[in-house]
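So the structure is just underneath, and the comments pick up after that.
The values are calculated or read from the model by the stated rules, or taken from the named source; none is laboratory data. Since we're looking at a predicted model, the values are computed, not measured. Here Cβ is always computed from backbone atoms with ideal geometry, including for glycine, and neighbour counts include all displayed protein chains. Please note that ligands, DNA and RNA were not included when accessible areas were found on the heavy atoms of the full protein model with its side chains. Shrake-Rupley method; radii C 1.70, N 1.55, O 1.52, S 1.80 Å.
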Amino acid sequence: MVTTGGAAHSPGLAVLLAGHRPQGPTETADHERVRHLAGAADAWDRGTPLHFTASALIVHPPTRRVLLRWHVRQQAWLQVGGHGDPGETLPLDIALREGLEETGLTDLTPWPDAALVHLAVVPVPASPVEPAHEHADLRFLLATGTPERARPENPAAPLEWLTIAEARQRTTEENLRETLDRAGRLLDAPA
């Protein structure tokens, strides 16, 4: 997050992508594939076959636990996040809003900083209201100091605090396992 004149602003899409250093061949290919979308007017438009989403793995650094949410549509334990609302274009702000909406946690803050932790292009299966498409998911880490206050958005979307190892076993998504591994390395780093 950049502070200007007392107000905090998260970086825009082009700046965020330009500053991100992909790790490994899959993320490098995904990064190259989506960089051109950063300047497109429809970069966040869910009606396009490939568009951006923003998400976050919520962490509680003192206990080294992470929060996963059951996603009914994907039938999987995943991180919080989703689409930008109309007019939203700042990825970190979208991830923060989604985190608040899906967990009720009011103290979420970028951790250990506001850097993009992982970029993953993920397939989304067709539903009765939209065709199959892909998300260029921009992933951050957000920390809370009040893990006991996490509340599911609705009964069909339970939340669970897990260790990195437990979360890796719970999810079926390899791309989320990579995000978890990156979070684990940061949680293990000396303060």
### Task
Determine whether the range 167-185 contains at least one residue that is farther than 24 Å from residue 116 by Cβ and of a type outside the set (D, E, K, R).
yes
### Task
At least 3 residues that are in contact with a helix residue (DSSP H, G or I) (Cβ under 9 Å, 6 or more places away or on another chain) and under 25 Å from residue 191 (Cβ atoms) in each: list the strands (runs of 3 or more DSSP E) lying fully within the range 58-134 that qualify.
65-71
### Message
Can you find, within the range 146-179, the residue that is most open to solvent (accessible area, probe 1.4 Å) among those that are under 14 Å from residue 99 (Cα atoms) and in a loop (DSSP other than H, G, I, E, B)?
### Response
151
### Task
Look at residue 43 and say whether it is open to solvent by less than 70 Å² (accessible area, probe 1.4 Å), over 15 Å from the mean Cα position of the chain (by Cα) and farther than 21 Å from residue 178 by Cα.
yes
### Message
Report every pair of residues separated by at least 6 positions or lying on different chains whose Cβ atoms are under 9 Å apart, first residue within the range 88-115 and farther than 16 Å from residue 148 by Cβ and among the acidic types (Asp, Glu), second assigned to a helix (DSSP H, G or I) and open to solvent by 20 Å² or more (accessible area, probe 1.4 Å).
### Response
88/97
